[in-house]
Structure formats: C-alpha cells, structure tokens
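Accompanying notes for the structure given below.
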C-alpha cells in the first residue's frame, strides 16, 4: 500500500476534495495521490532529482518519474554524500535521501538523522525528501521536524506518487523560502525603523520657557529619515540654539550625512562655538564625510538670547525663518547676508545677523521641501510668498504649535496633489510671556 504524499501532513481539502487526518494511511489518500490536479515547479523548467542511496539501481520507480506536464524528471544518482556534493548543482530541484546512509567520517553515531542534517547544511536551498523503512514512521516524522519537506517509505515507493511528492516538496520549499525572506525583510524593516527613530533628535531645552514643536516627513518611500535634519539645545548661559538643515538629495547616504552634521552641530554648540566659527567647522565635517565632492548642505541656525527678545541668525544657502508676532503679519526674517551652502566654497564665511524678536513671538524654521511643492494645474511652486500667506491664514484661524505645523504640511501636500518628493522638516519655537 503506497504511502500518501505528503505523508504526515494531510492534503488540504481545497486540493484533494476531502479532508484527511494528518498521518492517516489508507485507500482514499492513495486515490487522492493519483488525481490530475497536482502542483508544479512554477518555473517551466524540467525538474531534476538527486537520489542519494547506496544502491540507486535497485529503485524501479526512477524511470517512471514525470513532471506535471508529463515530461520525464531528470534523475542523478549518488551512492554516498561525497558523490552527492559533486552532483549537487543549482539545477537540482529536489533531493531524495536514504536515511540509512552513514554520515561522513562516522559523525553523529548517536544521531539517527546525522546524514539528513549533513545534507540540509550542504543544500539549504533545495527541497529534501527523506526515505526510510515502513516500520520507521517515527523517524520519518522526525526528519520533517528537522527540515525535510516530507518522508516516504522505501518499500512502498511508486513512481507516480514519488513524482507528485517531488513536485509538492519543491513548491513547499519555494513557499518556505519566500515566507522566510518576507519575515527577514519585515525584521530588517523594523530594525531600520527603530534605528531611524533613534537617530531623530531629542531637543535639550530643559530650563527654557520656550515651547518647541517639530514636524518631519522624509521624501523616501517607507523611510523615517531623510536628508533634512534639525535640533535645538539650551546652553548653560540660558541661550537657546536651534538649527535646521538639508543635505542635497534624500537617499540613505544623505540621511546618514544629515545625522552626522546634526550631532556635530550639537557637540560644537555645547562646546561654545557659534556663528561663523561653528559653520566653518561643520563645513570641514561635511567635506570629510561626504561620498562625493558635489554633495552640499544648506543650514539655518539661530541663537536666542536668555531674555528671549533677541537672536543671532546665520544662513548658509538656506531659506530665512518666518516670524509671527501679535498685531503684525507673519513675515520672513532678513536674508540679505545669506552665505553659501556648506561644501560649496572653501574658506567661505557666514555673517551672523542680529534680529529683534520682541516680547511675544513664534519662529518657524523649515526646509525647502515645504515651499517647493506644486500648486495649481500649471505646476507653479508654492514658494516662500505662498507659504507666508498660508501660515498667515492658519494663524488667523487660531492654529498654534504642533497643530499649526501639522496643518501646514498637510496643506502643502494637498496643494501638490499627492505626496511630496522632497524631505520636509519644520521647527517651531514659541515665546509667550
């Protein structure tokens, strides 16, 4: 009585037309094994079987092996694992292994499945069928738990059943491999997300009366981090330093460089550097870390005095911040002394402008992703003027803090007619006495 294939896992009802208990033996399952609806290799190529048995010529089923299209399955035979290793090439789809073989060098004398473990290490990408005696079903089931796709009884082999078992084993292996790769991909994605979240800044503003809010949207699909970067820290003298920057491009290399520049900025700021001296040092970091000499970064830094009424502003090829004060329309801070982007001109200088903020204010720093989205059917860009008008209207509607930034980014996206292709970062500092 031939053993049904798969042996210890019942043929699903959707395939067989009837449900069977796992491991059941009998006529109905044998009849199911001869049904025409069988899985195929999925590649269109002729299947190749590697038979590893000490006396392969004693297997009368070998000439009768056919694939789903009726073409003969190619068979290679090996009498031992040394021969098998030589014959195991990429065009082999399935291995039929006699579990009675000895492992190389007598290894695993106390392990009944040592030969199977050796083959699984030797051929991790191939489907494996285990061949055992009919009185040793437990050993066959253990072979499946170790990694074989299925097991068959040596004295109950049938060419047609074995052909079907081979096709099922190949498809199972292919499915298992796809599931493993999917799981590995998900794990890598989770690890990347955790890493990227860890690389986003946590502002150090303890002791400051200023309120801080930020919004970040990378341009890369399924990414959490892009080439834009920002940070804010309070130094021991009470000065609040904030910055926002943009590395040209928005791939993973640019994101990594942005993180390096942000960390360097924080370290230099806490060490007491400011203005032109700080930007000059950052340019040296950029020149040393960038992968290409054409890579540059724009930057905007502000240092707000302890009383909150004045600030120093440095622009390195970056858009000027927006300031909003009670009783006045929101407007851009001066940008006449805008210096070059970091990495463009050796020995460049960046003037520090003194800005009067007043008693109560909101200061918004942003990257060009916020102003370069398209508006209207003609594809015109929003620009700084369009952004200023948008923020004025949103402020008049009573939007503040996180709510204001969220509304601004969403509206820019809607005006663009879909997702923005560039990274967007926005930082908002508020002073309310």
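Within region 131-170, track down each residue that is modelled with pLDDT under 90, more than 23 Å from residue 54 (Cβ to Cβ) and surrounded by fewer than 20 Cβ atoms within 10 Å (Cβ to Cβ).
Once the filter is applied, which keeps residues that are modelled with pLDDT under 90, more than 23 Å from residue 54 (Cβ to Cβ) and surrounded by fewer than 20 Cβ atoms within 10 Å (Cβ to Cβ), region 131-170 yields only 160.
Out of all the residues in region 249-262, is one or more in contact with a strand residue (DSSP E or B) (Cβ under 9 Å, 6 or more places away or on another chain), touching a residue at least 24 places away in the same chain (Cβ under 8 Å), surrounded by 21 or more Cβ atoms within 10 Å (Cβ to Cβ) and not in a helix (DSSP H, G or I)?
yes
Kindly evaluate residue 229 against the criterion of being at pLDDT 95 or above and in the same structural domain as residue 259 (by TED's automatic domain parsing). Working first, answer last.
Details: at pLDDT 95 or above: no; in the same structural domain as residue 259 (by TED's automatic domain parsing): yes.
No; evaluated as a whole, the condition is false for this residue.
Taking only region 271-297 into account, find how many residues are touching a residue at least 40 places away in the same chain (Cβ under 8 Å) and in a helix (DSSP H, G or I).
Of the residues in that region, 8 qualify.
Within region 332-363, how many residues are touching a helix residue (DSSP H, G or I) at 6+ places or on another chain (Cβ under 7 Å), closer than 22 Å to residue 213 by Cα and either surrounded by 17 or more Cβ atoms within 10 Å (Cβ to Cβ) or free of Cβ contacts under 8 Å to residues at least 12 places away in the same chain (or both)?
Of the residues in that region, 0 qualify.
Test residue 317 against the stated conditions and say whether it is closer than 24 Å to residue 241 by Cα and either modelled with pLDDT under 95 or in contact with a strand residue (DSSP E or B) (Cβ under 9 Å, 6 or more places away or on another chain) (or both).
Working: closer than 24 Å to residue 241 by Cα: yes; either modelled with pLDDT under 95 or in contact with a strand residue (DSSP E or B) (Cβ under 9 Å, 6 or more places away or on another chain) (or both): yes.
Judged against the criteria, residue 317 is a match.
I'm trying to understand the selection: among the residues of region 89-120, which are modelled with pLDDT of 90 or more and either in contact with a strand residue (DSSP E or B) (Cβ under 8 Å, 6 or more places away or on another chain) or more than 21 Å from residue 141 (Cβ to Cβ) (or both)? Explain how you work it out, then say what you get.
Taking region 89-120 and keeping what is modelled with pLDDT of 90 or more, we get 92-99, 113-120.
Across region 89-120, the qualifying residues are 92, 93, 94, 95, 96, 97, 98, 99, 115, 116, 119, 120.
State all residues of region 64-88 that are in a loop (DSSP other than H, G, I, E, B) and farther than 17 Å from residue 121 by Cβ; if no residue qualifies, say none. Give the steps one after another, and end with the answer.
Residues of region 64-88 that are in a loop (DSSP other than H, G, I, E, B), as a first pass: 65, 67-71, 73, 79-80, 88.
65, 67, 68, 69, 70, 71, 73, 79 - these are the residues of region 64-88 that are in a loop (DSSP other than H, G, I, E, B) and farther than 17 Å from residue 121 by Cβ.
Within region 413-426, is even one residue in the same structural domain as residue 273 (by TED's automatic domain parsing), surrounded by fewer than 14 Cβ atoms within 10 Å (Cβ to Cβ) and within 19 Å of residue 312 (Cα to Cα)?
Checking region 413-426: not a single residue is in the same structural domain as residue 273 (by TED's automatic domain parsing), surrounded by fewer than 14 Cβ atoms within 10 Å (Cβ to Cβ) and within 19 Å of residue 312 (Cα to Cα).
Restricting to region 364-399, count the residues that are without any contact (Cβ under 8 Å) to a residue 12 or more places away in the chain and under 19 Å from residue 212 (Cβ atoms).
Of the residues in that region, 1 qualify.
Please find, within region 187-206, the residue that is farthest from the chain's Cα centre (by Cα) out of those that are surrounded by 10 or more Cβ atoms within 10 Å (Cβ to Cβ) and at pLDDT 85 or above.
205
The values are calculated or read from the model by the stated rules, or taken from the named source; none is laboratory data. None of these values were measured; they are calculated from a predicted model. We place every Cβ from the backbone using ideal geometry, glycine too, and count neighbours over all the protein chains shown.
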